[in-house]
Amino acid sequence: MRRMDLRIANVYARSFESLEGDWKYLIDPYDRGEATSRVQEDRRRESPGELIEYGFDEADSLSVPGDWNTQDERLFFYEGVVWYRREFERAPVKGKRHFLYFGAANYRARVWVNGEQVGEHVGGYTPFCCEITAQLRDGRSSVVVKVDNRHGDDDVPTRITDWMHYGGLTRDVLLVELPGTFISEYALHLSDAAAGLEGWVRLDGPDASGPVSVGVPELDARVSVETDATGFARFSIDSDPERWSPEQPRLYGVELQAGQDRVRDEVGFRSIEVRGSDILLNGEPIFLRGISAHEESLLHPGRAFGPEDAEATLGLARELGANFVRLAHYPHDEHMARAADRMGLLLWEEIPLYWGIAWENEDTLELARQQIGELIGRDRNRASVVLWSLSNETPNTPERTAFLSELARHARELDPTRLLTSALFGNVGELLRQLRAIAEASAEGRDAEPSVLVLDDPIAEHIDVVGWNEYLGWYYSAILVRRLDIPEGDVRNAVLEAMPRIRIEVPSGKPLIVSECGAGAKQGLHGADDEVWTEEYQARVYRQQLLMLENAPNWRGISPWILKDFRAPMRLLPGVQDHWNRKGLVSETGERKQAFGVLRDYYEKRRSSS
Ligand code: GCB
């Protein structure tokens, strides 16, 4: 039986061979290859009379890991099926188990080894593995993967997103060898009472019930436990490690051993909690000086992958003075959280419950539960990750709230040690009403009453930290124009000038992170600071936003939108957007815009005053 729920935690510390490099590929726009041609069998023509209507040997290659969009012009905007084939030699080894591990395949994948299906997976940003012990043979083996990046209305995410659905085998593919019984998953963190460490371990295999030892040699700490019949055991270790923090990202070597299996990890220990409207890191209030980032490379076109890309993105965030990064809008590569652990950056990690989701569909809920489960399963031992985000800009309806509250319950059950958040719209109707009053007063030459914007959404009850995507001075000004008889430039000016007098309140009393804010600017385009798309306008929006937020009593962090311009097929303005979202602080090639300096100076000031 195929098991798709099997986890290999910390896969990079196991015995593996990378299947990176060239994979042959066939484009199958009508999705006929599986049913009609049986491409999965990876056959060659052996006699002149044989009719086979595909062939990998003659095909071109794509580089894996990597998206297909930036490797073949025909695939740039393509949404459909591509078949991948790679050959490898790996003879089965007695007593060992063999797996194919996929860091991610966007969006739907089906995998065959030597013609036999070994697994399938839905969800473009989380890892999965297929056991192939029974399919391996001496000599050449072939792995065929069918990847389909089409999204339907019941998917997570759906088809319409403000980012590109980069398709393909976008992350590492590894051939992993493990003992018959191995350490499949484990957790290790400070205990609730912050007195010592605690955790659990899960074994997989025929001898899953047996002794496991866990040690942190630098702390001179070691414990042995027996797993139960299901292979599971909890443990605690009496020890008081130095705390991990952005200032001092202290990691400890951790060793686990069970039977023939041994795994080593680097783990940081820190606490994260909410008290009233404060976020406490290691018991001390912290302000999250952040930035949002999509998973696009600063080093090459397309989807980012691997440690170099992760370090480049996080390095730029550090130059900005950030101590926090929101990894939008889906789980990024595992290397990201590992690099953040080493570099001392706090992370917000997220699943792509984005805009319109089939809130009433049980299968969609299951898909969301699976994706948060796979993300938590992968990154639960990363000290850098402090927030799991459940969703982005979702409509405030009872169906949505029921869906998200169930997801919150599930996420807490899987990981009670971290905070939950969601990026919310806020009360848009009320927001527009208040901005309208501001614009009208300004048009009549009056001072508007000071505004209070109240962020209420029933989902706040189920999360710890309220995220708010705030686009005053950008979208909201434009929306208002359709309802008012005032020129758009005047509306923008009125809203921007009024921002320092606006007060934002969070009725739940919880901490507020402004999870997005910003404006579009084409790098190198200069003009007056009331002219949209100029660097000057974007910089002004940043200045006004920061003044406004200083008045928000619950404000505990910010991750403006966004570090770098990113590919967005729905952005159509020629000469400015050309299918790029231009809200980056740097261009797609890393050139800084003025707003980068505005935010960096602000973070510098905040850091020296705290
Ligand atoms: C948002 C979305 C983000 C978009 C951004 C924009 O509110 O959360 O995905 O890219 O606005 O630029 O419109």
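The values are calculated or read from the model by the stated rules, or taken from the named source; none is laboratory data. The structure displayed is predicted, hence computed values, not measured ones. No Cβ is skipped: glycine too gets one built from the backbone with ideal geometry, and neighbour counts run over all protein chains shown. Just so you know, the surface numbers come from the protein's heavy atoms only, side chains and all, with ligands and any DNA or RNA stripped out. Shrake-Rupley method; radii C 1.70, N 1.55, O 1.52, S 1.80 Å.
Which distance in nm do the two modelled labels at Arg262 and Val452 give, with both placed 7 Å along the Cα-to-Cβ direction?
Here the answer is 6.4 nm between the modelled labels.
Spin-label point model (7 Å from Cα, Cβ direction): what's the Lys96 to Ala59 distance in nm?
Computed distance between label sites Lys96 and Ala59 equals 2.8 nm.
As a test, work out the antiparallel percent of DSSP beta bridges whose residues both lie in the chain, rounded to the nearest 5.
70 percent
Can you give the charge dipole size of the stretch 274-609 about its Cα centre, rounded to the nearest 20 debye, using +1 on the beta carbon of Lys and Arg and -1 on the beta carbon of Asp and Glu?
It comes to approximately 680 debye.
Kindly list the residues of the stretch 447-473 that lie in the label zone of Ala437, defined by a backbone N under 20 Å from the point 7 Å along the Cα-to-C-beta vector.
Only 447-457, 471-473 pass the distance filter.
To the nearest 0.05, what FRET efficiency results for Arg44 and Thr230 with a Förster distance of 56 Å applied to their C-beta separation?
0.80
Mind pulling the angle between the C-alpha long axis of helix 306-319 and the longest principal axis of the chain? Nearest 10 degrees, somewhere in 0 to 90.
For helix 306-319, the angle is close to 20 degrees.
Rank these residues by their accessible area, most exposed first, probe 1.4 Å: Glu536, Glu349, Glu87, Glu413.
Sorted by accessible area, descending: Glu413, Glu87, Glu536, Glu349.
Accessible area per residue for the chain in Å², computed with a 1.4 Å probe and the full protein assembly in place, what is it?
39 Å²
Could you work out what % of the accessible surface of the chain is carbon and sulfur, using a 1.4 angstrom probe and leaving DNA, RNA and ligands out of the count?
47 percent
Using the Cα centre as the reference, give the magnitude of the dipole from point charges on the C-beta atoms of the chain (Lys, Arg: +1; Asp, Glu: -1; all else neutral), rounded to the nearest 20 debye.
Around 520 debye, computed over the chain.
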